[in-house]
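Report on the structure given below.
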Number of protein chains: 2
Amino acid sequence: MSPQHTEFVKRNEPYVAGFGDKASLPMPPSKKLIIVTCMDARLDPAAHLGLKEGDAHVIRNAGGNAKDELRSIIVSQRLLGTREIAVFHHTGCGMLTFASDDIRSIVKDAAKGDTTVSARVDAIDFLEFKDLEESVKEDVAWLKSEPLILPETTVTGWVYDVNDGKVTQVV
Amino acid sequence: MSPQHTEFVKRNEPYVAGFGDKASLPMPPSKKLIIVTCMDARLDPAAHLGLKEGDAHVIRNAGGNAKDELRSIIVSQRLLGTREIAVFHHTGCGMLTFASDDIRSIVKDAAKGDTTVSARVDAIDFLEFKDLEESVKEDVAWLKSEPLILPETTVTGWVYDVNDGKVTQVV
């Protein structure tokens, strides 16, 4: 597949043409909200939650793991005034399909005995999970217990279903 | 401000109603592309890059820092076949406005001498930056040099302008 970046400027043009008054949006999210969700290509959190530019911080990584994003959550809360966090994991997530040792083996096999690569990948916890709802509950429990998260934060946990686009509250 | 999560199900309904055939989308991103960008509320990367569900992994954190997301990038490349990474930072980013010691002081002052909090926050590098374009170049250079990133990856670096919605390639 040829690189996609050569298309970015052209694909950006309609957005620029319809940009309107978005330049006046302030930096702090108007809904004082952080969405933590997965990087999965099938997810468009702004679309499926009806959010518009300016509403919420959106943090995304493999699995929608909150613990992996403490740095960003602190910045959001302490500098930009957010006071609510909603964690979304989703059905059909890749993080349900492997163990950290599986991916370490893939990386080491490809590196053909490179000891730097082996040592580096062995040090990474890939934060996979076996039970979808349990993984949401664990993230919410962690957010509620972590001393660096403001205690007055409203924290909820959700599942997004890639089969019908629905969101369902877990906790 | 009252919690926002009570609105999620209602706000999700139009998306569910128009979900169409998205259930058939495969897990691997069709464009073999990762977008790394900031959590900033003013950014809607799917909208400003004309991406639709299924196209690309989207990783977001404070600043759009790539190094902070090595775990997720490895999962994306090794398990889901992506071979291109585009890093976006943006004008007016909060990460240009403070130093790690500033935010550490804010957290410690609020914790009123709690030594657990002090020790934990002192251990976090908040990954702020002083020069926008330089920060993009640094992330791209890191992605090209990191042994755990596949050497055949196409890596580009971009700036998104919150004043007009335009994307501009830096490197």
*Quick one: grab the alpha carbon gyration tensor of the protein assembly as shown, order the square roots of its eigenvalues as a ≥ b ≥ c, and give me rounded if a/c is under 1.5, else prolate or oblate depending on whether a/b is larger than b/c.*
rounded
*Would you work out which of A:154, A:170, A:115 lies farthest towards the positive end of the dipole of the stretch A:111-171, given +1 charges on the beta-carbon of Lys and Arg and -1 on that of Asp and Glu, about the Cα centre?*
A:115
_Taking beta carbons within 10 Å but only from partner chains, what does the mean come to for residues B:63-71?_
3
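Out of the total accessible area of the protein assembly as shown (probe 1.4 Å, heavy atoms of protein only), what percent is carbon and sulfur?
Using a 1.4 Å probe with all protein chains present, the protein assembly as shown comes out at 51 percent carbon and sulfur.
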_Phi to ³J(HN,Hα) by Karplus 6.51 cos²θ - 1.76 cosθ + 1.60 over the stretch B:138-146, Hz, x for Gly, Pro_ = 5, 5, 5, 4, 5, 4, 6, 9, 5
*asked:* Mean-square fluctuation check for chain B, GNM, Cα pairs under 10 Å: which of B:136, B:75, B:155 is largest?
replied: B:75
*Whole-Hz Karplus ³J(HN,Hα) for the stretch A:111-118, in order, using 6.51 cos²θ - 1.76 cosθ + 1.60 and θ = phi - 60°, x for Gly and Pro?*
8, 6, x, 5, 6, 4, 4, 4
*Gain in span if fully extended, residue B:154 to residue B:168, counting 0.36 nm per residue against the direct Cα distance*: 3.3 nm
_Which three numbers, in whole Å and largest first, are the semi-axes of the equivalent ellipsoid of chain B derived from its Cα gyration tensor as √(5λ)?_
29, 24, 17
*For the stretch B:1-101, what relative contact order do you get, as a whole percent, if you take Cα pairs closer than 8 Å and at least 6 residues apart?*
33
*Within 10 Å of each Cβ in peptide A:120-126, how many partner chain Cβ atoms are there on average? Round it to a whole number, please.*
3
*At 7 Å along the Cα-to-beta-carbon direction for both residue A:125 and residue B:91, put a label point, then send me their distance in nm to one decimal.*
4.1
*Which whole-number percent is the relative contact order of the stretch B:25-171 (Cα, under 8 Å, 6+ apart)?*
26
*Please state the relative contact order of the stretch B:93-133 as a whole percent: Cα pairs under 8 Å, 6+ residues apart?*
57
*Report ³J(HN,Hα) in whole Hz for each residue of the stretch A:155-171, in order, from the Karplus equation J = 6.51 cos²θ - 1.76 cosθ + 1.60 where θ = phi - 60°; Gly and Pro get x.*
10, 10, x, 9, 10, 9, 9, 6, 8, 9, x, 7, 9, 9, 6, 9, 7
*Principal axes first, then extents: for the Cα atoms of the stretch A:1-74, list largest minus smallest coordinate on each axis, whole Å, largest first.*
37, 36, 23
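If you average 1/r over every pair of different alpha-carbon atoms in the stretch A:57-107 and take one over that average, what Kirkwood value in Å do you get?
12.9
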*What dipole magnitude, in Debye to the nearest 20, does the stretch A:1-131 give about its Cα centre under +1 on Lys/Arg Cβ and -1 on Asp/Glu Cβ?*
380
*asked:* Rounded to the nearest 20 debye, what is the charge dipole size of the protein assembly as shown about its Cα centre when +1 sits on each Lys and Arg Cβ and -1 on each Asp and Glu Cβ?
replied: 240
*Quick one: how many lysine pairs does the stretch A:1-108 have with C-alpha atoms less than 27 Å apart and a gap of 8 or more or different chains? Give me the count, please.*
11
*To two decimal places, what compactness ratio does the stretch A:100-144 give when its Cα radius of gyration is scaled by 2.2 N^0.38 Å?*
1.55
*Most fluctuating residue given options A:108, A:67, A:32, as computed from a GNM of chain A linking Cα atoms under 10 Å*: A:108
*Over the stretch B:1-125, what is the percentage of antiparallel beta bridges among all DSSP beta bridges, to the nearest 5?*
0
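The values are calculated or read from the model by the stated rules, or taken from the named source; none is laboratory data. Since the model is a prediction, treat every value here as computed from it, not as a measurement. Note that each Cβ is placed from the backbone with ideal geometry, even for glycine, and that neighbours are counted across all protein chains shown. With ligands, DNA and RNA removed, areas are computed over all heavy atoms of the protein, side chains included. Shrake-Rupley method; radii C 1.70, N 1.55, O 1.52, S 1.80 Å.
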